[in-house]
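As structure tokens, the structure follows; a few thoughts come after it.
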Amino acid sequence: MKKIFCLLILIIAISSCSKLNPPEAFGPVPTERQLAWHEMEYYMFVHFTVNTFTDKEWGYGDEKESVFNPAELDCRQWARVARDAGMKGIIITAKHHDGFCLWPSKFTNHSVKNSIWKNGKGDVLQELRSACDEYGLKLGVYLSPWDRNSSFYGTPEYLTYYRSQLRELLADYGDIFEVWFDGANGGDGYYGGAKETRKIDNKTYYDWTNTHKIVRALQPSAVMFSDAGPDIRWVGNENGMGSLTNWCLLKKDEMYPGGDFAKILGEGHEDGKFWVPSEVDVSIRPGWFYHQNQDSLVRSPENLMELYYSSVGRNSNLLLNVPPDRRGLLHENDIKSLLGFRELLKKEFEKDLAKGKAVVSTSFRGRGYGASNVNDGKPETYWTTDKSQTTGDIIVNLTTETEVNRIVLQEYIKLGQRVQEFQVSAFSKGEWIKLIDGTTIGHKIIRKFPVIKASEIKITFSKSKACPLISNIELYRAPGN
Ligand code: FUL
């Protein structure tokens, strides 16, 4: 009897695990490295070079190496602050447009090895690598294609120089999660003493295809960022504004770094053939580099919260620049804002009101794809409809009238980005009231609406390229209205 009972339990367990008729991928899908990147959501940009000491944003390339002397440099402080602020990694300007290298590159004299910092024996990249490891952060590198110091810039030899430096960075500093290729290109500069204007053709000069191969070979898990991908795209502005409609898709073969594509970069291409999600890069101060006269202009915790909504809340990652000062430390004002923002964030999303609540849908695909998957806390489960059905409703029953003012929605992007239009409504005082008209979702969106007392929240997926796949829904009552 006991044996039969056990067998029965086993059969029930096996059959409840086996899902029927799983959906197929629709359109482009993210690679493993892109999926890992989506999970990162929020990380630090560090702009640091000779400019920090010359008070410039773009160094001309003729700066004496001796100006670089961060006497109290402490990468552990940067990493500790980043970790405490809730960030998952740090991307550093290993070389900015001035050409000065923060590591002792074998291919130039314009680097830390000729500075007086640590008698020329220092290596900022090495120190940051160790600090990131200690604090559980990932490391990324920015290597400016434009080099105002190099005499090679503008000639074919420059590509060999650039790629040699890239190889050093990718081979000698452990795992790199993102390689950042800037779009600013060509103009006047020192260029080894020539002091002239050098223009290049963005479309052809850099031969990016072959540079990308180096990254793939040396760091297969790294994503590459530029205006046009290949893995991650610029969002099209430096103000921290992601686009409400935001496809992770791009016709990247029609784009090139430094081109005039701001609007397209924000929204992506609905019919794009490649998965190239957007990253929002923005500074905590007016400048990218540290300037003492901007100490009072650091963004407030509340302002950082707005940035979070307009980036992470709009299916983008947030790359927030926090530039170290001349000591080589993050400034006290910046730290205060970052940690203040971290506290606000905790309060904003303190208690998920959808958690543990009954969720129903007008229809679902069958066993394994029910609406209860959207609030089970498991990113691998999702609700979906029949193959032929591209619309559907999900209702979260809050049991009693509850105040709500935020919603988080996530698609199961492993099988593609699908939702084109959705609405959110609340059942309040006996009627349905529409709160939000939305377009795309993707990895994640977070939307605000005025506080409403509701017993039920309905999400209507009214237009989708294929059956919608929703992996997560959260509801919050954030402080304020
Ligand atoms: C731009 C650069 O010109 C700025 O100096 C900064 O590095 C920013 C992130 O990208 O293209």
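Take the residues of the stretch 37-60 that are closer than 20 Å to Ser115 by Cα and among the aromatic types (Phe, Trp, Tyr): which is farthest from the ligand (Cβ to nearest atom)?
Step by step, filter the stretch 37-60, then rank; the result is Phe53.
In the list Tyr153, Tyr206, which residue meets the criterion of being over 29 Å from the mean Cα position of the chain (by Cα) and within 16 Å of the ligand (Cβ to nearest atom)? Spell out the reasoning first.
Details: Tyr206 fails: over 29 Å from the mean Cα position of the chain (by Cα).
The conditions single out Tyr153.
I'm told Ile14 meets every condition in (1) open to solvent by less than 80 Å² (accessible area, probe 1.4 Å); (2) at pLDDT below 95 except one. Can you identify the failing condition by its number?
Failing condition for Ile14: (1).
Looking at (1) more than 11 Å from Ile473 (Cβ to Cβ); (2) open to solvent by 20 Å² or more (accessible area, probe 1.4 Å), find the lone condition where Asn405 falls short.
The failed condition is (2).
Show me the strands (runs of 3 or more DSSP E) found entirely inside the stretch 132-235 where at least 2 residues are among the polar types (S, T, N, Q) and open to solvent by less than 20 Å² (accessible area, probe 1.4 Å). First the steps, then the outcome.
Working: elements: 138-143, 176-180, 187-189, 196-198, 223-226, 232-234.
Hits in the stretch 132-235: none.
Do we have Lys355 as within 23 Å of the chain's Cα centre (by Cα), closer than 27 Å to Gly438 by Cα and open to solvent by 30 Å² or more (accessible area, probe 1.4 Å) here?
Numbers: within 23 Å of the chain's Cα centre (by Cα): no; closer than 27 Å to Gly438 by Cα: yes; open to solvent by 30 Å² or more (accessible area, probe 1.4 Å): yes.
No.
Looking at (1) under 28 Å from Lys346 (Cα atoms); (2) crowded, with 16+ Cβ neighbours inside 10 Å, find the lone condition where Tyr369 falls short.
For Tyr369, the failing item is (1).
Restricting attention to the stretch 77-115, and to residues there that are part of a helix (DSSP H, G or I) and not charged (D, E, K, R), which single residue is most open to solvent (accessible area, probe 1.4 Å)? So that I can check it myself, show each step before the final result.
Within the stretch 77-115, the first condition is being part of a helix (DSSP H, G or I), and the residues that meet it are 77-84, 112-114.
Filter once more, keeping what is not charged (D, E, K, R): 77-79, 81-82, 112, 114.
On the way: Gln77: 22, Trp78: 0, Ala79: 0, Val81: 13, Ala82: 0, Val112: 0, Asn114: 71 Å².
Per the criteria, the residue is Asn114.
Give the residue, chosen from Ser144, Ser115, that is at pLDDT 95 or above, of a type in the set (Ser, Thr, Tyr), more than 16 Å from the ligand (Cβ to nearest atom) and assigned by TED's automatic domain parsing to the domain that holds Met87.
Working: Ser144 fails: more than 16 Å from the ligand (Cβ to nearest atom).
Only one candidate qualifies: Ser115.
Kindly indicate whether any position in the stretch 61-72 is more than 30 Å from Ala194 (Cβ to Cβ), assigned by TED's automatic domain parsing to the domain that holds Phe341 and either of a type outside the set (A, V, I, L, M) or more than 16 Å from the ligand (Cβ to nearest atom) (or both). I'd like the intermediate steps shown before the answer.
Start the filter on the stretch 61-72 by keeping residues that are more than 30 Å from Ala194 (Cβ to Cβ), which leaves 71-72.
Of the ones still in play, those that are also assigned by TED's automatic domain parsing to the domain that holds Phe341 are 71-72.
Adding the requirement that they be either of a type outside the set (A, V, I, L, M) or more than 16 Å from the ligand (Cβ to nearest atom) (or both) leaves 71-72.
Among the residues of the stretch 61-72, at least one is more than 30 Å from Ala194 (Cβ to Cβ), assigned by TED's automatic domain parsing to the domain that holds Phe341 and either of a type outside the set (A, V, I, L, M) or more than 16 Å from the ligand (Cβ to nearest atom) (or both), which makes the answer yes.
The values are calculated or read from the model by the stated rules, or taken from the named source; none is laboratory data. Please read these numbers as outputs of a predicted model, since none were measured by experiment. So basically every Cβ, Gly included, is an ideal-geometry build from the backbone, and we count neighbours across all protein chains shown. Please note that ligands, DNA and RNA were not included when accessible areas were found on the heavy atoms of the full protein model with its side chains. Shrake-Rupley method; radii C 1.70, N 1.55, O 1.52, S 1.80 Å.
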